[in-house]
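Data first, discussion second: the structure below is written as structure tokens.
The values are calculated or read from the model by the stated rules, or taken from the named source; none is laboratory data. The structure displayed is predicted, hence computed values, not measured ones. All Cβ positions, glycine included, derive from the backbone under ideal geometry; neighbour counts span all protein chains shown. For accessibility, only protein heavy atoms count, side chains too; no ligands or nucleic acids. Shrake-Rupley method; radii C 1.70, N 1.55, O 1.52, S 1.80 Å.
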Amino acid sequence: VPLSRALTHARERVHSRLRPSRCGAAAIMSSLRAFSPDGQQLAEAAPDGRLQLWDTGSSTLRQELARSSHLALRSTCVAWHGKSAAAALVAVGTDGGAVLLWDAARGELAHELRGHTQAVLDVAFDGADTLYSSGADKQVCCWSVSSGSLVHTFKAGKAAVHRLCLAPDGLHAALGGSAIRLVRREGWKRLARLPGHAEPVQCLSFSPDGRYLLSSSGDRHLTLWSVSYASASSSDALEQSAASLALEADVVSAGFRPGGGSGEGEAPSSYAFFALTADGRLGVWAVPASTLAPPKKAKKKKAAAPPSARLPPAAGCAVSIAPGEPGAGGEERILCAAFSGEHELLVGYGSPARPHFARVSVALPGGELKPEVVLPRPSEGLLAAADGKGKRKRGREEQPQQLGAMDMALPRAAVRHSPGPAERRPSPEPLEGSLGGMPPLPLAAAAAVA
């Protein structure tokens, strides 16, 4: 018993280190969800080690992958690899230091990568055969996807790397801890340090052209960094400035709209990005590039935060769920989102146990953002109403029975049939010599009692 208590306390200490103090459970669950590159599936890594793949077209559970010892490790992050979900790999980080590489097409575990001594905090694919993982042990590991072998490792610094984001140019990367470190991937030399967050970074995203970096932590602020690579050989070749946006809740997910300028090397006229907060609010901002560029006179000065007016305080497009009937029960909110096109968002919303998905356009025909987009309320929730309004439609397949830990540990018991009122027979009259309707004792037993 003392050993089991010690293991329980140790596990709780590890989980407390992984859990941001102010981001809450919403930020943790956001890092455990990832859309496939083509948007056809959503990978959701359950905390108990199971991997669920949801079909975004039909909002149904396609498959569930798990090892026999899935309860021994807790999932911490997830990422997709491949251009289509039909032939893709899914990497899942765990608190035990292992990275599980699942083959989504075959439904089997391809590799179990072990190189971290502490919890894996983020994973990111690069190219056709490279996977990067960062952990609480302050290490960044580079893996070969095909062979599952460790190519090399490097120490990122004195702090853990909570988020790892690769730049689109294939030469640089951003490492998010309590501060953001911009590094050159050849030799992993640090080029610049971007402070400004009071807590570990939870969201990190490069713009498609690599000129801007979006970050957030548990301080309810979204920060937009301007990054320029003036020289490839100088350590102070980066000139950055920050613009901050204060929101009502912690940001759990953020990302830029895909697409670049009209020509090669030309910056777009505006940058659009989305932000999802812990309370389920989703907004899209479109900012002209001219308002984000720092003044020419200020380029030689040290990095200073520009006025917050550069980012509009209110979202240009607010996405919400249609209100339900009073007293319907069941809290539903927006769970995850990602750009699936230049003006299209793929949104997962509803109940976390049974999410629904919708593709919505956030722009008008002229390209301007819509002021508001209202998602249709899911027709069927997880819990049906007591008056029968939530009945299943005919022809819908029943979901397979979900087994818990005790169900898998103990042998399955036979399901007893509970007779209805019409099948119940009247109780027989008490027989002579019986006690209150109980069957009479056998002769031998009666003689023993006498």
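Observations
- Lysine pairs meeting the criterion (Cα under 23 Å, 8 or more apart or interchain), as found in the range 73-229: 5
- Here the range 23-161 exposes an accessible surface that is 48 percent carbon and sulfur, computed with a 1.4 Å probe and the other protein chains kept in place.
- In whole percents, the pair-distance distribution calculated for the range 23-161 from its alpha-carbon pairs, binned every 10 Å from zero, is 13, 45, 34, 7, 0.
- By average C-beta atoms within 10 angstrom, highest first, the peptides 332-344, 34-46, 145-157: 34-46, 332-344, 145-157
- Couplings for the range 58-67, taken from phi via the Karplus curve 6.51 cos²θ - 1.76 cosθ + 1.60 with θ = phi - 60°, read 9, 6, 10, 7, 7, 7, 10, 10, 7, 7 Hz in order; Gly and Pro are left as x.
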